[in-house]
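One structure is given below, represented as structure tokens, and several questions about it will come after.
The values are calculated or read from the model by the stated rules, or taken from the named source; none is laboratory data. Keep in mind it's a predicted model, so treat the numbers as computed, not measured. Ideal geometry is used to build each Cβ from the backbone, glycine not excepted, and the neighbour counts take in all protein chains shown. In case anyone asks, the SASA skips ligands and DNA or RNA and just uses the protein heavy atoms, side chains included. Shrake-Rupley method; radii C 1.70, N 1.55, O 1.52, S 1.80 Å.
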Amino acid sequence: MEKLKSAAIDLSGGILNFLANIGLILPYLLIMAKYQQLHTTTLLIALVTFYISRSASIFYTQRMGLKSVTYLTLSLVLGAAGALIFASTTNFIWLVIGSLLWGYSAATIWPYFLTVKLHLKHYSHFKMKRLYWLIFGLLGLMVAADLGLHLAYTLSFDVLGLLYLAAIPGSLLLREPMRTVYPEMALHPEHTKAWRWGLSVIGFAIVALLTALRKTTLNLPTWLIYVAIAVAFIILILELAADWKTLPTFKLRLLNRGFIMTLVLLFNGFFAYFYLGKMGMYATFGIYLIGFELGHPLFTKLERRPLPGKLTLSELAAICGQVLLLIPWVGTYIVGLLLVTLYVGHDNPQVNENLYDLPELNADSAIIRKYRFSTYGGLLCQLALFTLLVTASTYAHTDLLAFFNPHSAADFNLYFYSLSWPLTLISLGLTALHLSQKSPNK
């Protein structure tokens with residue numbers, strides 16, 4: 001009986017570990033897949049609502065002053081509620097509610113899980129078991145059954161909701177080893193002024209509208225799109241300025257990280273078609289996963305002998321990768337993407353440890369602050385992309401959706417010089433600015 005209980009706890013912890021890693025993107029992909037299958041206005045609004053909630057929640061999650069381990073359990077409960085709502089109804093009001101709940105869960109589950117993991121690493125010998133392949137297999141069977149039986153992803157939502165519920169015991173189990181952590185930390189709820197709430201809702205609604213433009217034809221005048229983007233830029237700058245003093249260091253580094261990740265996963269997820277055809281998006285995601293997983297162990301070994309001068313090998317790789325992306329050839333494109341993602345993969349755990357150990361920050365909120373600034377960088381990249389895309393589409397008299405639904409590589413030069421070049425140069429500028437301001441003892 002004891003062994004059975006231990007196995008159940010290990011399974012719950014493994015599911016929690018898995019959901020934390022895929023919780024940001026999988027709900028979005030499932031809602032998107034259902035929308036692409038049914039093309040209903042209700043699902044489009046639900047998708048946009050989910051996007052707004054996911055984007056905004058990282059900025060407004062710590063208002064109750066709870067412990068990270070409690071927020072983690074809350075994320076699981078809300079994720080389960082959101083998934084099961086999508087599985088059980090097509091009612092407009094309920095789907096909007098489900099989107100709001102699931103969006104919060106998607107935004108916060110990984111930062112809080114990572115915070116708890118860092119607490120356990122520094123204060124306890126407790127370790128969670130990883131059961132990725134078992135759960136990946138279950139999800140694979142789930143999606144296959146959904147497609148084969150034409151269930152409109154109902155089974156996928158159901159199973160994912162049950163996985164969230166199954167992970168709750170694993171999160172509750174973490175309370176015991178965490179008892180030694182919190183007496184050393186003072187937790188304070190965050191308070192946000194009403195004007196920032198109002199501005200942020202408008203800003204995220206605009207970004208969600210631009211996101212909707214990638215998925216469906218909305219006949220909006222070009223001048224109106226420009227006005228929307230300009231308003232979103234102003235709100236982003238005001239929000240960033242208001243948050244600037246909340247993080248003592250690493251701000252430019254995190255902005256750059258967010259910009260690079262969005263450049264790779266969003267822009268190059270589509271632009272790769274013009275180099276690699278229909279498999280371009282999958283190749284980009286594959287390169288990203290390889291770089292993200294191998295970057296840290298690879299550069300940790302290679303950087304045992306530091307380079308002469310201020311740059312590390314991983315930083316040199318980032319610069320070289322961005323320069324290679326400026327060359328219009330498939331070989332340099334693939335190598336450039338790999339070098340950039342290797343840098344992000346190496347930098348990510350470093351930044352986590354550095355932020356967690358900062359004496360000026362409360363360790364229970366350090367990772368949340370990291371993801372806020374990283375999200376600012378991602379939003380900056382998205383707004384820059386849409387500004388350039390609207391300009392290029394207007395100039396070339398092409399449909400805005402043509403970039404996101406390409407059918408031939410005929411527009412390669414248009415998108416390479418009007419989108420890829422400027423975005424890569426902005427990214428290179430952010431990298432250079434961050435590296436010029438880094439401390440010499442990094």
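When D364 is evaluated against the numbered criteria (1) in a helix (DSSP H, G or I); (2) crowded, with 16+ Cβ neighbours inside 10 Å; (3) not small (G, A, S), which criterion, by number, is the only one it fails?
The single condition D364 does not satisfy is (1).
Among the residues of segment 334-345, is any surrounded by fewer than 20 Cβ atoms within 10 Å (Cβ to Cβ) and among the polar types (S, T, N, Q)?
no
Now, a different point. Exactly one condition in (1) open to solvent by 10 Å² or more (accessible area, probe 1.4 Å); (2) at pLDDT 90 or above; (3) of a type in the set (F, W, Y) is false for F285; which is it?
Exception for F285: condition (2).
Which ones in segment 298-323 are assigned to a helix (DSSP H, G or I) and either more than 19 Å from R257 (Cβ to Cβ) or touching a strand residue (DSSP E or B) at 6+ places or on another chain (Cβ under 9 Å) (or both)?
Within segment 298-323, K301, L302 meet the criteria.
Got a sec? Which of T108, T61, T73 is modelled with pLDDT under 95 and open to solvent by 10 Å² or more (accessible area, probe 1.4 Å)?
T73
Just give me the residues in segment 50-68 being under 20 Å from I25 (Cα atoms), polar (S, T, N, Q) and touching a residue at least 60 places away in the same chain (Cβ under 8 Å), in sequence order.
Correct list: S55, T61.
On to the next question. Within segment 400-429, which residues are open to solvent by less than 30 Å² (accessible area, probe 1.4 Å) and within 19 Å of Y343 (Cα to Cα)?
L423, T424, S427
Related question: Suppose we filter T341, T398 for residues that are in a loop (DSSP other than H, G, I, E, B) and among the polar types (S, T, N, Q); which single one remains?
Checking each option against the conditions leaves just T398.
Within segment 383-399, identify whether any single residue is surrounded by fewer than 18 Cβ atoms within 10 Å (Cβ to Cβ), among the polar types (S, T, N, Q) and free of Cβ contacts under 8 Å to residues at least 24 places away in the same chain, and answer yes or no.
Yes, that holds for at least one residue.
Right, next: For segment 252-282, name all the residues that are over 23 Å from H407 (Cβ atoms) and surrounded by fewer than 20 Cβ atoms within 10 Å (Cβ to Cβ).
L252, the sole residue that qualifies.
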